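Novice: First the structure, then my questions, so here it is.
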Amino acid sequence: EIHIKEPIEKEVNPRLLPGELLLCEASTVYKYMQEDGSNRGTYGKLVCTNFKISFLDDDSASDDNEPQFKNKIVGENDITLQCVDQIYGVYDEKKKLLTGQLRKYPEKLIIYCKDLRVFNFCLRYTKEEEVKRIVSGIVHHSQTPKLLKRLFLFSYASAAPNNTDGRNQTVMFETLEDWRDELERTKGNVKYKTVTTNEGYRVSEKLPLYFVVPICISEESILKYEGRGIPIWCWSCHNGAALLKMSAFPKEQDDSTSQMQKAFLDGIYKTISKPPYELLKMDDLSSSLPSLQDIQTAYTRFKQLFLIDNSTDFWATDVKWFSLLESTNWLEIIRRVLKKAIEVAECLEIQHTNVLLIEESATDLCCVISSLVQVMMDSYSRTKSGFQSLIQKEWVIGGHGFLDRCNHLHKSEKEEAPVFLLLLNCIWQLVQQYPPAFEFTETYLTVLSDSLYVPIFSTFFFNSQHQRDTNKSGESLKTQSGPFRFLTVWDWSVQFDPKAQAFLNNPLYAEKPKPDKSQRKTARFKHQRQLSLPLTQAKPSPKRGFFREETDHLIKNILGKRIGKFINSSDEPPNSLREFYDSWHSKPVDYHGLLLPRIDGPEIKVWAQRYLRWIPEAQLHGGGTIATAAKILDLMEEVQSLQVKMDEEHSQAVSGDVHSVPMLRNSARLSSLFPFALLQRQSVKPALPTSTWKDLEDEDDLVKRDDEFVDLSGDML
């Protein structure tokens, strides 16, 4: 049965951005709702532009129905072409992946997005010619390889008025002064210098225009191997120890070349290992961390757990949730990366040793580890402007290949790897473990991850500073020749109005160190998907359900092991690292000092807001972190109003800036999906065979026993 909302009679036209062109459209398209297994939905128009795929219904025409946390660029029924992950067509109830030329056109279209939304469109009631045009158009513009200059980034930059305030206190690291200021801020200018050797990109197109090296490194050394084998400065610790990175030489070389390169490296190491420099520890990340291919494979498996478009799929995966989650290996990769960052922090903080991170290009895992270490050790990097400056320094100017790693041009899947997403997942672990230490919120991180796929900002759409600079020149639509003026993602006013931007700022950010480490426990909810793995060394079979076959082994593991043990006994850290870790965690937290993430088994959790926000079944009615935030903001408003009254009595001007979010007042409509979705009807009766649920009823006691040993508190959802 199809519950039909009558087709719209009034014409609804898409809202086009400057430079955006309508390419194809289809009327009388039926969009299914994802709430349950019924066929309920709404009729509308499906359009494809050079920027996005958009579904327009009669609600799109009115502002009354707009979400409270509204993105001004991408609406809730908009999918940017770069955000499309895979497109499936349904032929006679069978799903088929759509790529390239199509011989036959489907009855239904399913679009899976990189931000984990799933759209279902029925094309049975659409004219055949329109079906051909819209399906071919969507597949062609979102899935086929394209040239860099064909990105919407260039169309928008040439047509949009550039009237934004731009930087918002973010240091862009595009000038010599920016690097010198950073050296001075970290007191690294005694032993390190900013070099201009790469001006005009005469050393290498992969290196930034300006960078920092040890004072003893000569210009000839930098020029000799196009910057390879040169230690490049990332950051200096308060005790003088520094974090460095280096692009390694290719492994497959002839003997004479290898000997020359080895002699060159030996000379460099001797130079930077003697006073005034600290002892040097080298860490080859290609051998001590998972490969990019492993990271890509793990994330591909992991995201499949959340690309759910109906209740049946949700409840089916819920039965074997632990098995499926562990088999992806994604949480284990996050744990290994965090552990590596702790190792580096211990060398810098305790051993006063310089750490040199080595990687083939020094633009992938080097970026992850150096960024994590700075967030853990430098409280400036935990402010919003400091974190944005860090991303600019290590990733954007540092030469991370966003274009290739995100596969924005669909050129090669071999180069694709979610390296930046891995960093954001690691930062989220720290944010949810130590909320008062960060000026920004998890919503900020979620929105930042979404911005990877919005091609009006240049931040995440080039492989290097050289590529960005060489593609800046172009013809403006206003008949004026001149360079493109690209927007930066750090100007949040482009995407959000001030009320929505308030969600990006943490109202509980600790301005001064607070030793209180106590945490309030939140109420339990009837159904809550557990977001961390229990402490178990066993590798459960992904083909079997969690509750039945794996129960006994899991209980033995939970009862038999203390929380203080690392999840893999074979991967136990050295004693000094374990002592450093335990010693730090035994003391009160200084929110403006060193922060070490808790990395024992169940402490590594799934980033619930990002991965579960589109799944109504996973919501907590009136719960989740947003419920806590609502209460806090209510209190802050009350304090602010009392302050106003006191100031009025004393005839003083009102001062201070409180991040007030009046849109939270209607708390009855809140759920853990907020601010990305309002309260949605939850699936009451899971659509699974009765026999399956009868089997699971016997396991009710087990679930209760699980709760006694594994924390299911509200900081997971």
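The values are calculated or read from the model by the stated rules, or taken from the named source; none is laboratory data. Model, not experiment: these values are computed from the prediction. Methodologically, a virtual Cβ is constructed for each residue, glycine included, from the backbone with ideal geometry; neighbour enumeration extends over all protein chains shown. Please note that ligands, DNA and RNA were not included when accessible areas were found on the heavy atoms of the full protein model with its side chains. Shrake-Rupley method; radii C 1.70, N 1.55, O 1.52, S 1.80 Å.
Novice: Output the residues belonging to segment 226-238 that are within 20 Å of Gly386 (Cβ to Cβ) and either in contact with a His (Cβ under 9 Å, 6 or more places away or on another chain) or part of a strand (DSSP E or B) (or both).
Specialist: Trp233, Cys234, Trp235, Ser236, Cys237
Novice: In segment 242-312, which helices (runs of 4 or more DSSP H) lie fully inside it and hold 1 or more residues that are under 30 Å from Glu184 (Cβ atoms) and in contact (Cβ under 8 Å) with a residue 12 or more places away in the chain?
Specialist: 255-273, 285-288
Novice: Say we look at segment 570-601 and pick out the residues that are open to solvent by 70 Å² or more (accessible area, probe 1.4 Å) and closer than 17 Å to Ile333 by Cα; which of these is modelled with the lowest pLDDT?
Specialist: Ser570
Novice: Here is a check on your reading of the model: is Lys127 of a type in the set (Lys, Arg), in the same structural domain as Ser473 (by the TED database) and open to solvent by 10 Å² or more (accessible area, probe 1.4 Å)?
Specialist: The answer is no for Lys127.
Novice: Evaluate segment 311-322: report whether one residue or more is under 23 Å from Ile599 (Cα atoms) and either surrounded by fewer than 19 Cβ atoms within 10 Å (Cβ to Cβ) or at pLDDT below 95 (or both).
Specialist: Yes: one or more hits.
Novice: Residue under question is Gly564, and the condition is that it be at pLDDT below 75 and touching a Lys or Arg at 6+ places or on another chain (Cβ under 7 Å); does it hold?
Specialist: no
Novice: Here's another thing I want to ask about it. Across segment 323-340, what is the number of residues that are among the small types (Gly, Ala, Ser) and open to solvent by 10 Å² or more (accessible area, probe 1.4 Å)?
Specialist: 1
Novice: Quick one: is Leu102 in contact (Cβ under 8 Å) with a residue 24 or more places away in the chain and not charged (D, E, K, R)?
Specialist: For Leu102, the condition - in contact (Cβ under 8 Å) with a residue 24 or more places away in the chain and not charged (D, E, K, R) - is met.
Novice: Looking at segment 296-306, is at least one residue of a type outside the set (D, E, K, R), open to solvent by 30 Å² or more (accessible area, probe 1.4 Å) and more than 24 Å from the chain's Cα centre (by Cα)?
Specialist: No, segment 296-306 contains no residue that is of a type outside the set (D, E, K, R), open to solvent by 30 Å² or more (accessible area, probe 1.4 Å) and more than 24 Å from the chain's Cα centre (by Cα).
Novice: For segment 623-641, does any single residue satisfy the condition of being in contact with a Phe, Trp or Tyr (Cβ under 7 Å, 6 or more places away or on another chain) and either within 30 Å of Leu421 (Cα to Cα) or not assigned by the TED database to the domain that holds Glu442 (or both)?
Specialist: Scanning segment 623-641 turns up at least one residue that is in contact with a Phe, Trp or Tyr (Cβ under 7 Å, 6 or more places away or on another chain) and either within 30 Å of Leu421 (Cα to Cα) or not assigned by the TED database to the domain that holds Glu442 (or both).
Novice: Still on this structure: Are any residues in segment 346-386 of a type in the set (Asp, Glu) and open to solvent by 10 Å² or more (accessible area, probe 1.4 Å), and if so, which ones?
Specialist: Glu346, Glu349, Glu359, Glu360, Asp378
Novice: Pull up segment 137-163, narrow it to residues that are without any contact (Cβ under 8 Å) to a residue 60 or more places away in the chain and part of a helix (DSSP H, G or I), then point me to the one that is least open to solvent (accessible area, probe 1.4 Å).
Specialist: Val139
Novice: Just the residues that are surrounded by fewer than 16 Cβ atoms within 10 Å (Cβ to Cβ), in contact (Cβ under 8 Å) with a residue 12 or more places away in the chain and assigned to a helix (DSSP H, G or I), please, taken from segment 186-224.
Specialist: Within segment 186-224, Glu219, Leu223 meet the criteria.
Novice: Going by what's in this entry, would Lys340 be described as of a type in the set (D, E, K, R) and without any contact (Cβ under 8 Å) to a residue 60 or more places away in the chain?
Specialist: Yes.
Novice: Of the numbered conditions (1) open to solvent by less than 20 Å² (accessible area, probe 1.4 Å); (2) of a type in the set (Asp, Glu); (3) within 30 Å of Tyr225 (Cβ to Cβ), Glu343 fails exactly one; give the number of that condition.
Specialist: (1)
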